[in-house]
Amino acid sequence: MKVIDFSDVHYSYKQGSDVLRGISFSLEAGEVVGLLGKNGAGKTTLMRLAMGMMVTSQGSVQLFGLDPRRDALDVKRRVGYVSEDQVLPEFLSVGEIIRLHRGLFPTWDEGLERRLRERFALSPKAKIKTLSKGQARQVALLCAVAHRPEVLLLDEPAGGLDPSARREFLETSIRLLNEAGTTILFSSHYMSDVERMAGRIAMIHEGRLLIDNSLDDLREKYSLALVPRGSGDRQNQLLGLKECLSVRDQADAIHAIFRCEPERCRSILEKGLDIHNSFCTPIALEDMFIELVGGRS
Amino acid sequence: MELHINPGDELPIYRQIMRQIIDAVAGGRLQAGAQLPSHRELAEQLVIAPLTVKKAYDELERQGLIVTQRGKGTFISERLPDVDPAKRRERLRDAAQRLLSQAALSGVPLADVFGLLEEMQKGMER
């Protein structure tokens, strides 16, 4: 069953300049998808559309087959949301914020609330404004998950956290996955976190979905080819190959990403373009990200 | 048994797990019948998605290296799979090819490669 479904989603802040230009992908129950893209690529916009905080200019977003705006209450009760710039009311105490959330969600799990409060060492009496950034994010996480949502939307949840708070956050998320098989869509600039959590990667660039693949496939069925600059327009020759996803002219050679394993990549270059001195290799996620979104301006 | 994974590696995480379990069996650090942690336990221990561990276990089970007994857990197979000797040699040839290319690229003489292999063999037996 499609738990989250983005279908031909368009969005523009002002007319004529679309941030999202037709994004379609969906998450099945229990899937964990890492959303990647440069700053300003529209990751936060997608998350907010899913939360019903904004409306698409074209296309639709559905959660559990429902409209996050029309069926706002039904959807929100089944979703947890944490974002980097989330603001908790400063004048409230930790205990008051938790009580507020507890009252909103019929499925609130007091055992889980207690466990997380102890794990994060949060004092109920502490005022939000006295908390560190990491502690405030932990309060937000607690409030986002203690009602045991079916879906978690995590928008750069570890942004600004120190390494130990980030790890704590990851460990909690893994534990939730273990206990409940939560469906998770999350964005992060920490590639290693994405690689630990995600089964699938959705990469957006210039308003479109550039990659939608399992993480293992990206490692095993994609390659980077380093092709020496030769005669003629090598870049366009490469782009003419149907397996070639992007090219980038670098100091050492032309870097090209291919949608096939290195062996095949080498043979395509030999047979297709008579290039015999290329170097083809598997590619790690971080390098792939840089090649793909750093390569086109 | 201690497993280590490196998220940034070119090798998918599920393959890193598979490789380490296979190495531990080959080196005798994991004996036939030894119990492995459940995929959920291992996921928490390594801080990776439970589905990734499950994928590694499923693949090892498909290869006959481990068995899952419902309600009891996951164990190293009592009878390790018989691999067709020709296939076994073929697989080794691939690994050897990579090793030799790497050695040639880094300018390591063949004698040193043999030395390294012997050293590693001793390490595995420990």
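Contact residues in the stretch B:1-49 (at least 20 Å² less accessible area with all protein chains than alone, 1.4 Å probe): B:Pro7, B:Gly8, B:Glu10, B:Pro12, B:Ile13, B:Tyr14, B:Arg40, B:Glu44, B:Val47, B:Ile48, B:Ala49.
Using a 1.4 Å probe on the protein heavy atoms, what percent of the accessible area of chain B belongs to carbon and sulfur?
Values: 4500 of 8680 Å².
Here carbon and sulfur together make up 52 percent of the probe-accessible area.
Surface analysis of the stretch A:188-256 yields an accessible area of 39 Å² per residue, using protein heavy atoms and a 1.4 Å probe.
Taking the Cα centre of chain A as origin and assigning +1 to Lys and Arg Cβ atoms and -1 to Asp and Glu Cβ atoms, the resulting dipole is close to 820 debye.
Both radii are taken from the alpha-carbon atoms of the stretch A:104-147; with Rh as the Kirkwood radius, Rg/Rh is 0.97. Averaging Cα coordinates gives a centre for the stretch A:80-106 and one for the stretch A:162-215; these two points are 23 Å apart. The value for the stretch A:221-295 of Rg(Cα) / (2.2 N^0.38 Å) is 0.96. Straight-distance candidates among the lysines for linking to B:Lys54, with alpha-carbon spacing under 21 Å and chain neighbours fewer than 8 residues away dropped: A:Lys221, B:Lys72.
With charges only on Cβ, +1 for K and R and -1 for D and E, what is the dipole size of chain B about its Cα centre, in debye, rounded to 20?
Details: 18 positive and 18 negative charges, 75 e Å.
Dipole magnitude for chain B comes out near 360 debye.
As a rough guide to protection, the peptides B:87-95, B:11-19 ranked by mean Cβ packing within 10 Å, highest first, stand as B:11-19, B:87-95.
What is the angle, in °, between the Cα long axis of helix A:110-119 and the longest principal axis of the Cα atoms in chain A? Nearest 10 is fine, range 0 to 90. That works out to roughly 70 degrees. I want to make sure I understand the PRE zone here: with the label point 7 angstrom from the Cα of A:Asp249 toward its beta carbon, which residues in the stretch A:264-297 have backbone N atoms less than 15 Å away? Residues A:295-297 qualify, since their backbone N sits under 15 Å from the label point. Applying a 4.7 Å Cβ-Cβ cutoff to the protein assembly as shown leaves A:Cys143, A:Cys244, A:Cys260 as cysteine residues with no disulfide-compatible partner.
One chain, two ends: A:Glu171 and A:Gln58. Fully extended at 0.36 nm per residue, the span grows by 36.9 nm beyond their Cα-Cα distance. Only one residue of B:Leu30, B:Gly73, B:Tyr57 has its Cα farthest out toward the positive end of the dipole of the stretch B:6-80, where Lys and Arg carry +1 and Asp and Glu -1 on Cβ, and that residue is B:Gly73.
Between A:Glu28 and A:Arg148, what is 0.36 nm times their sequence separation minus the Cα-Cα distance? Round to one decimal in nm. Write down the numbers at each step before the final one.
Numbers: separation 120, 0.36 × 120 = 43.20 nm, distance 1.74 nm.
Full-extension gain reported as 41.5 nm.
When the alpha carbon coordinates of chain A are projected onto the principal axes, the ranges are 70, 40, 33 Å, largest first. With all protein chains kept in place, the per residue accessible area of the stretch A:1-129 amounts to 52 square angstrom at a probe of 1.4 angstrom.
Length available on full extension from B:Gln63 to B:Ser101: 0.36 nm per residue minus the Cα-Cα distance, which gives 10.8 nm. Using a probe radius of 1.4 angstrom, the carbon and sulfur fraction of the accessible surface of the stretch A:221-295 is 48%. Helical runs (DSSP H, four residues minimum) scored at -39500 (n - 2.57) apiece and divided by the length of chain B put the mean residue ellipticity at 222 nm at -18500 deg cm²/dmol.
For the stretch A:178-220, a drop of 20 Å² or more in accessible area on going from the chain alone to the assembled protein chains (1.4 Å probe) is found at A:Asn178, A:Glu195, A:Arg196, A:Asp216, A:Arg219, A:Glu220.
Helix A:262-273 axis versus longest C-alpha principal axis of chain A: approximately 40°, rounded to the nearest ten. Computed from the alpha carbon atoms alone, the convex hull of the stretch B:85-124 holds 74 Å³ per residue. Projected label points at A:Asp162 and A:Thr281, each 7 Å from Cα along the beta carbon direction, are separated by 3.5 nanometres.
If you add up the charges near A:Ile201, with Lys and Arg at +1 and Asp and Glu at -1, over every other residue whose beta carbon is less than 12 angstrom from its beta carbon, what do you get? Before the final figure, lay out each step's value.
Working: positive: A:Arg200, A:Arg219; negative: A:Glu31, A:Glu195, A:Asp212, A:Asp216, A:Asp217, A:Glu286.
Residues near A:Ile201 contribute -4 overall.
Rounded, prolate or oblate for chain B? Axes are the square roots of the Cα gyration tensor eigenvalues, ordered a ≥ b ≥ c, and the cut-off for rounded is a/c under 1.5. Provide the component values of the computation, followed by the final result.
Working: a/c = 2.05, a/b = 1.61, b/c = 1.27.
Cα axes put chain B in the prolate bin.
Along its first, second and third principal axes, ordered by size, the stretch A:123-227 spans 61, 29, 26 Å in Cα coordinates. If I take R0 = 35 Å and measure r between the Cβ atoms of B:Asp112 and B:Arg40 in this structure, what FRET efficiency does the formula 1/(1 + (r/R0)^6) give, to the nearest 0.05? Between B:Asp112 and B:Arg40 the formula returns 0.20. Bridges between two residues of the protein assembly as shown, per DSSP, are antiparallel at a rate of about 70%. Residues of the stretch A:41-58 falling in the label zone of A:His10, defined by backbone nitrogen less than 17 Å from a point 7 Å along Cα to beta-carbon, are A:46, A:55-58. Distance between the modelled labels on A:Lys129 and B:Glu10, one decimal in nanometres: 5.4 nm (7 Å Cα→Cβ projection).
Directionally averaged projected area (the stretch A:141-297, Cα convex hull): 10.9 nm².
Chains A and B: buried accessible surface, both sides, probe 1.4 Å, rounded to 100 Å²? Walk me through the intermediate numbers first.
Working: alone 14100 and 9520 Å², together 21940 Å².
Looking at A and B, the buried total is near 1700 Å².
What number, rounded to the nearest 500 deg cm²/dmol, is the helix-based mean residue ellipticity at 222 nm of chain A, given -39500 (n - 2.57) per DSSP H run of at least four residues and division by all its residues? All intermediate terms of the calculation are to be shown ahead of the outcome.
Details: 11 runs with 108 residues, N = 297.
For chain A, the value works out to -10500 deg cm²/dmol.
The values are calculated or read from the model by the stated rules, or taken from the named source; none is laboratory data. For clarity, every value in this text was computed on a predicted model and none was experimentally measured. With ideal geometry, Cβ positions are generated from the backbone for all residues, glycine too; neighbour counts draw on all protein chains shown. Calculation scope for accessible area: heavy atoms of the full protein, side chains included, ligands and nucleic acids excluded. Shrake-Rupley method; radii C 1.70, N 1.55, O 1.52, S 1.80 Å.
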